[in-house]
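Chemist: Supplied in structure tokens, the structure appears directly below.
The values are calculated or read from the model by the stated rules, or taken from the named source; none is laboratory data. A quick note: this is a predicted structure, and the numbers were derived from the prediction, not measured. Note that each Cβ is placed from the backbone with ideal geometry, even for glycine, and that neighbours are counted across all protein chains shown. Ligands, DNA and RNA are excluded from the accessible area calculation, which covers all protein heavy atoms including side chains. Shrake-Rupley method; radii C 1.70, N 1.55, O 1.52, S 1.80 Å.
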Amino acid sequence: MSGDGKRNPVRPPGWPEGAGQALVPPLQPATVYGAAGPDALDAIYEGRATGFTYSREAHPNAQRLAGRLDALEGVPAGADGGPGGIVTSSGMSAISALLLGHLAAGDHVVAGDRLYGRSLRLMTQDLPRLGLAVTLADPGDAGAVRAACTDATRLILVETVSNPDLAVADIDGLAAVAREAGAVLAVDNTFATPLGFTPLAHGADVVIHSLTKLVAGHSDVLLGYVGARDPALAEALSTAAQSWGLTGSPWDCWMAERGMATLELRHARASENAARLAAFLADAPGVARVIFPGRADHPDHARAAALFGGRFGTMVSFELDGGRDAVTAFLRGAEGLAFAPTLGDVVTTLSHPPSSSHRSMPRDAREAAGIGEGFLRVSAGIEPAEWLLARFAAGLAAL
Ligand SMILES: *Cc1c(COP(=O)(O)O)cnc(C)c1O
């Protein structure tokens, strides 16, 4: 968040400043808006005047939030001068807006082979049902993605950082493959956040977020965002979001914008805590291995260093010797740490992929992917590092 002269960079942008003005933008829950008459409505629908008609199409809180995310992700404004990005009711509805707005039956999609569970389900079950072909490929290997492309490929969908192995996609390489194939490269940037990485600056065409996670940041908002570089594509995604009913509610947008006031602080502290935890766990007895892109022993460390500018994210995974029993003992000993299958909260959360995000994966396949019963994933929060390390030490002492 950089300052532009006198304007306070922490205050909501575009909100009037000065004596007698509310410090905080209002929550506008209205679903419908009046107009002066048919000519005024024409002007709004034709983009000659600004105004709102019906909240599924647009509302002030979504517009404010979309504008802030556009600024962080470098998404250009829309044809009407308003935000180019779209706020959706969840991260999944952001992905749905992309699929429904961009693809047609007969198209082919190349998708990352370790996408978020629900995204993977869309790729392997729902798209084929709708007449779309999907090939999965390793997003860290641009050559493999190129080999998976066909003449019908219109979309390459990957995540910046995968769950729970924290592999880093070769976004620059994939952008070149997408250009060659005439396909759109869409990047789910949820794990990195726009403060950690901006996909459009590396040649991606579309950026997606589950704002539910670090951006809103308090586990009390379900919301998503999708932004596109090309105005025609942005328009198609916006139309799909409105027609399929995928847009987000004013309250959630208001809460997410409030969360964004502290995003930079939370991201900085949580990233620092994640790095401290990774270093602590690497030297701890009972820990078989630690997965953190900031460590030299991570397979994608060099790429993460090149892409992320010195901060390696807020997620750490590790594996305990002793399987599920060790996990159960650790969690009991580490009382005070939340065990919850989510990420990006102000508090540190631990999840156990074999019993949550990866439970539908057959055990053999899971273990082949390195996700054994002793595997834990940490989403670092903003607690004092000393407290956090002491809780982890207590968990390990209980093994
Ligand atoms: C959580 C998540 C999603 C889905 O977002 P929701 O807001 O839960 O719908 C998509 N992608 C990634 C990487 C996520 O972590």
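Chemist: Go through region 218-230 and give me each residue that's more than 13 Å from the ligand (Cβ to nearest atom) and farther than 13 Å from GLY85 by Cβ.
Modeler: The one that is more than 13 Å from the ligand (Cβ to nearest atom) and farther than 13 Å from GLY85 by Cβ: HIS218.
Chemist: Among the residues of region 231-245, count how many are within 15 Å of the ligand (Cβ to nearest atom) and open to solvent by less than 20 Å² (accessible area, probe 1.4 Å).
Modeler: 1
Chemist: Sticking with this structure for a sec: Looking at region 153-207, which of the residues that are β-branched (Val, Ile, Thr), out of contact with any Phe, Trp or Tyr (no Cβ under 6 Å at 6 or more places or on another chain) and under 21 Å from LEU343 (Cβ atoms) is most open to solvent (accessible area, probe 1.4 Å)?
Modeler: The selected residue is THR198.
Chemist: Could you check how many residues of region 46-86 are open to solvent by less than 50 Å² (accessible area, probe 1.4 Å), of a type in the set (A, V, I, L, M) and not in a helix (DSSP H, G or I)?
Modeler: 4
Chemist: Shifting gears a bit: Name the residues in region 326-367 that are in contact with a strand residue (DSSP E or B) (Cβ under 7 Å, 6 or more places away or on another chain) and assigned to a helix (DSSP H, G or I), would you?
Modeler: Scanning region 326-367 gives ALA326, VAL327, PHE330, LEU331, PRO353, PRO354.
Chemist: Just to check your reading of the model, which residue among GLY323, GLY336 is open to solvent by 10 Å² or more (accessible area, probe 1.4 Å), closer than 21 Å to ASN273 by Cβ and more than 13 Å from the ligand (Cβ to nearest atom)? If you could, list the steps in order and put the result at the bottom.
Modeler: Working: GLY323 fails: closer than 21 Å to ASN273 by Cβ.
Every option except GLY336 fails the conditions.
Chemist: In addition: Answer yes or no: is there a residue in region 269-289 that is in a strand (DSSP E or B) and surrounded by fewer than 21 Cβ atoms within 10 Å (Cβ to Cβ).
Modeler: Yes; the residues of region 269-289 include at least one that is in a strand (DSSP E or B) and surrounded by fewer than 21 Cβ atoms within 10 Å (Cβ to Cβ).
Chemist: Sort out which residues of region 88-104 are under 17 Å from LEU65 (Cα atoms) and either assigned to a helix (DSSP H, G or I) or more than 12 Å from the ligand (Cβ to nearest atom) (or both), and write them in order of number.
Modeler: Answer for region 88-104, where residues must be under 17 Å from LEU65 (Cα atoms) and either assigned to a helix (DSSP H, G or I) or more than 12 Å from the ligand (Cβ to nearest atom) (or both): GLY91, SER93, ALA94.
Chemist: Continuing with the same structure: Pairs under 6 Å by beta carbon, first residue under 11 Å from LEU396 (Cα atoms) in region 307-330, partner in a strand (DSSP E or B) and open to solvent by 20 Å² or more (accessible area, probe 1.4 Å), six or more apart or different chains?
Modeler: Partner pairs satisfying both residue conditions: ASP321/ALA288.
Chemist: Check off (1) within 16 Å of the ligand (Cβ to nearest atom); (2) farther than 24 Å from ALA167 by Cβ for LEU343 and give me the number that stays unchecked.
Modeler: (2)
Chemist: Does GLY370 count as part of a loop (DSSP other than H, G, I, E, B), small (Gly, Ala, Ser) and out of contact with any helix residue (DSSP H, G or I) (no Cβ under 9 Å at 6 or more places or on another chain)?
Modeler: yes
Chemist: Are any of the residues in region 356-372 more than 16 Å from the ligand (Cβ to nearest atom), basic (Lys, Arg) and surrounded by 17 or more Cβ atoms within 10 Å (Cβ to Cβ)?
Modeler: Checked against the condition, which is being more than 16 Å from the ligand (Cβ to nearest atom), basic (Lys, Arg) and surrounded by 17 or more Cβ atoms within 10 Å (Cβ to Cβ), region 356-372 yields at least one hit.
Chemist: Here's another thing I want to ask about it. Give the residues of region 373-386 that are open to solvent by 50 Å² or more (accessible area, probe 1.4 Å) and touching a residue at least 12 places away in the same chain (Cβ under 8 Å), sorted by residue number.
Modeler: Once the filter is applied, which keeps residues that are open to solvent by 50 Å² or more (accessible area, probe 1.4 Å) and touching a residue at least 12 places away in the same chain (Cβ under 8 Å), region 373-386 yields only ILE382.
Chemist: Same structure again: Enumerate the pairs (first residue in region 157-185 and closer than 22 Å to GLY117 by Cβ; second residue anywhere and within 16 Å of the ligand (Cβ to nearest atom) and among the charged types (D, E, K, R)) with beta-carbon separation below 6 Å, excluding pairs fewer than 6 apart on the same chain, so at least 6 apart or on different chains.
Modeler: Between residues of region 157-185 that are closer than 22 Å to GLY117 by Cβ and residues that are within 16 Å of the ligand (Cβ to nearest atom) and among the charged types (D, E, K, R), the close pairs are GLU159/ASP188; SER162/ARG114; PRO164/ARG377.
Chemist: Which residue, of PHE330, PHE312, is more than 16 Å from the ligand (Cβ to nearest atom), aromatic (Phe, Trp, Tyr) and under 17 Å from the mean Cα position of the chain (by Cα)?
Modeler: PHE312
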